[in-house]
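Undergrad: Got a structure for you, questions after.
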Amino acid sequence: MDIGEIVNDAIRYPSSDWKKVIILGVLIIASILILPVFLVMGYGFRALKASIAGFDELPEFDEWGEMFVDGLKVFVVQIAYMIVPLIIIFAGVLGSFTMVSPDTGVITNPTAFTGLVGGTTIIGIILAIILGLIETIAIAHMAYNDSELGAAFRFSEILDVISQIGWLDYIIWYIVVGLISAVMAFIASFLNVIPILGTLIAVLIIYPYIQLFWNRALALRYAYE
């Protein structure tokens, strides 16, 4: 499938059952209690898994324990892939404190300070982008392998999938789908300015719509490499 077909299909996908979109939105609201956030992630993963398997309908809200565990697995994968970039950035920030005089609070070596913070930040961001690209397919690979956590770390298989898609085609997909998601998120943030009604529309409809759109688009990109 080309990028146009993927986007068109993914845009239509959530609208196949607005009731389920709203249920997901309710879970997003409940995520303020922390634990429901794993149900939100788990349902998105379930939609990804079902789409890879060839189903066009939104999955059911059932087997909540399994959905919760799947959400935890997605969280673990995300943390595992992003921990190194975060450590690099954090190390740069911590290192910068050694260049600040404890007595005056003044930076003792502005050039070294800028180089350390800026350099580690740039390295961390570049690494985060690269690993983020791999992580996205890793999660899809886990879904394809029946939620097996280890599948998300079979790097040779994951890189082979990306190679079959084509790095350029994959990056274009990532940018296009990311931009569409960002536009929808911007609309949601704009609606949040409207008291109560705007916020409800954003949280109950647009935010869950974005998640389902993203997972459907990912499934189609993965399944039709």
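Undergrad: Show log10 I(q)/I(0) for the chain at q = 0.13 Å⁻¹, two decimals, from a solvent-free Debye sum over equal Cα scatterers.
TA: The computed values of log10 I(q)/I(0) come out as -0.83.
Undergrad: Need the C-alpha centroid separation for the range 1-78 versus the range 120-145, integer Å.
TA: After rounding, the separation between the Cα centres reads 20 Å.
Undergrad: Run the numbers for Glu63 and Ile29: contour at 0.36 nm per residue of separation, minus the present Cα-Cα distance, in nm.
TA: Taking 0.36 nm per residue and subtracting the Cα distance, the gain is 10.2 nm.
Undergrad: Report, ordered by chain and residue number, the aspartates and glutamates lying within cross-link reach of Lys20, taken as a straight Cα distance under 13 Å and ignoring same-chain residues fewer than 8 apart.
TA: Output for Lys20: Glu57, Glu60, Asp62.
Undergrad: How much mean residue ellipticity at 222 nm does the chain get from its helices, if each DSSP H run of length 4 or more adds -39500 (n - 2.57) and you divide by all residues, to the nearest 500 deg cm²/dmol? Kindly include the intermediate steps, with their values, before the conclusion.
TA: Values: 9 runs with 167 residues, N = 225.
After summing the helix terms and dividing by the residues of the chain, the value is -25500 deg cm²/dmol.
Undergrad: Between Ser31, Ser156, Ser16, which gets the highest mean-square fluctuation from a Gaussian network model of the chain, Cα cutoff 10 Å?
TA: Ser156
Undergrad: Then there is this: What figure in square angstrom, to the nearest 10, would you give for the accessible area of Glu60 with a 1.4 Å probe?
TA: Roughly 110 Å² of Glu60 is accessible to a 1.4 Å probe.
Undergrad: Given 0.36 nm per residue, what is the gain on full extension from Phe190 to Leu86 after removing their alpha carbon distance, in nm?
TA: Values: separation 104, 0.36 × 104 = 37.44 nm, distance 2.97 nm.
Full extension of this stretch gives 34.5 nm more.
Undergrad: Further, regarding this structure: Pick out which of Ile23, Ile205, Ile32 has the largest mean-square fluctuation in a Gaussian network model of the chain, springs linking Cα atoms closer than 10 Å.
TA: So, out of Ile23, Ile205, Ile32, the one fluctuating most is Ile32.
Undergrad: Just Val93, Val176, Val69 to compare: in a GNM of the chain, with alpha carbon springs under 10 Å, which one fluctuates most?
TA: Val93
Undergrad: Quick one: with all protein chains in place, what share of the accessible area of the chain is carbon or sulfur, to the nearest percent (1.4 Å probe)?
TA: Numbers: 8600 of 11690 Å².
Here it works out to 74 percent.
Undergrad: Which Cα, out of Ile122, Tyr144, Gly4, lies furthest along the positive dipole direction of the chain (beta carbon charges, K/R +1, D/E -1)?
TA: About the Cα centre, the residue reaching furthest to the positive side is Ile122.
Undergrad: Follow-up. Given charges of +1 on the Cβ of Lys and Arg and -1 on the Cβ of Asp and Glu, with all other atoms neutral, how large is the dipole of the chain about its Cα centre, in debye to the nearest 20? Write down the numbers at each step before the final one.
TA: Details: 9 positive and 19 negative charges, 114 e Å.
Magnitude of the dipole: close to 540 debye.
Undergrad: Quick check: residue separation of Ala182 and Arg12 times 0.36 nm, minus the Cα distance between them. What number comes out in nm? All intermediate terms of the calculation are to be shown ahead of the outcome.
TA: Details: separation 170, 0.36 × 170 = 61.20 nm, distance 1.74 nm.
This chain segment gains 59.5 nm when fully extended.
The values are calculated or read from the model by the stated rules, or taken from the named source; none is laboratory data. Since the model is a prediction, treat every value here as computed from it, not as a measurement. Cβ: placed from backbone, ideal geometry, glycine included. Neighbour counts: every protein chain shown. Protein only, heavy atoms only, side chains kept; ligands, DNA and RNA dropped before computing areas. Shrake-Rupley method; radii C 1.70, N 1.55, O 1.52, S 1.80 Å.
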